[in-house]
Amino acid sequence: MKIPGVRPPARLGIAGPSGSGKTTLIEKLVPILTATGLTVSTVKHVHHPVEIDTPGKDSFRHRQAGAHEVMIALPDGWVLHHPARDKKRPGIDEVMARMGPCDLILVEGFRDMPLPRIQVFELEANPVTVVDLEAPVLAVVGTKKPEGYAVQAFARDDIAGIAAFIAMYTRRTRGSTG
């Protein structure tokens, strides 16, 4: 959602093969980043349908009846379901345009999108060479600190270092030095 006078958020992908630790990394980064004063939102790309409602329930029936969108108001928040009538997967820009204002959106997945990213991999299981990396890669994260890359490299357990890198990227991207 574009709001006049509000700078758009920095966008950073966290990409890598299945099982490489992307979700765990995000889970550890978010509290540290928010402790620095950043407002962080996330987008998770999934490759299979996820049912957010139970067949037969009212909101499911609203969708089945053809509602353009269905908002489900919960005791602890809300969920907006926007069914894709054409069965096309929404693009990252379309998804992020619907999010509220924040400083940073961490995107897990969307490997095929030209989104600045941190590439996560298991060094032993999936050695990654520079030619394997999809541009624009800003940093690489491995089980041990990767060597020989032309971008910033971190060991996966260097959460403070990765968070500092992301905070600096976010502030630089949004034009703020604070």
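Points to keep in mind about this one:
- Pick from region 128-150, criterion outside any helix (DSSP H, G or I), of a type outside the set (Lys, Arg) and loosely packed, with under 15 Cβ neighbours inside 10 Å, ranking: modelled with the highest pLDDT: 136
- One residue stands out among those in region 17-40 that are outside any loop (DSSP other than H, G, I, E, B) and among the aliphatic types (A, V, I, L, M): the one that is nearest to residue 101 (Cα to Cα), which is 40.
- All of (1) loosely packed, with under 14 Cβ neighbours inside 10 Å; (2) at negative phi hold for residue 95 with one exception: (1).
- For region 105-127, filtered to residues that are assigned to a strand (DSSP E or B) and not charged (D, E, K, R), the residue that is modelled with the lowest pLDDT is 121.
- Residue satisfying all of: in region 48-64; under 15 Å from residue 80 (Cβ atoms), out of contact with any Ser or Thr (no Cβ under 7 Å at 6 or more places or on another chain) and part of a helix (DSSP H, G or I); modelled with the lowest pLDDT among these: 63
- In a residue-by-residue description of region 25-33, the property of being surrounded by 10 or more Cβ atoms within 10 Å (Cβ to Cβ), closer than 18 Å to residue 163 by Cβ, modelled with pLDDT of 90 or more and in contact with a Cys (Cβ under 6 Å, 6 or more places away or on another chain) applies to no position.
- Any chance residue 153 is touching a strand residue (DSSP E or B) at 6+ places or on another chain (Cβ under 6 Å), at pLDDT 90 or above and either outside any loop (DSSP other than H, G, I, E, B) or under 22 Å from residue 44 (Cα atoms) (or both): yes
- Among the residues of region 156-178, not one is small (Gly, Ala, Ser), outside any helix (DSSP H, G or I) and buried (at least 18 other Cβ atoms within 10 Å of the Cβ).
- Within region 1-22, residues that are more than 16 Å from residue 109 (Cα to Cα) have Cβ atoms under 9 Å from residues that are aliphatic (A, V, I, L, M) and at pLDDT below 90 in these pairs: 1/97; 1/99; 2/97; 8/96; 9/96; 9/99, counting only partners at least 6 apart in sequence or on another chain.
- In region 71-88, the residues that are surrounded by 12 or more Cβ atoms within 10 Å (Cβ to Cβ) and assigned to a loop (DSSP other than H, G, I, E, B): 82, 83
- Contacts under 8 angstrom Cβ, first residue in region 81-97 being under 18 Å from residue 62 (Cα atoms), partner part of a helix (DSSP H, G or I), 6 or more apart: 81/59; 81/63; 83/63
- Residue list for region 1-24, restricted to those being of a type in the set (Lys, Arg) and at pLDDT 90 or above: 11, 22
The values are calculated or read from the model by the stated rules, or taken from the named source; none is laboratory data. Source: prediction; values computed, not measured. As a convention, Cβ positions derive from the backbone with ideal geometry for all residues, glycine included, and neighbour counts pool all protein chains shown.
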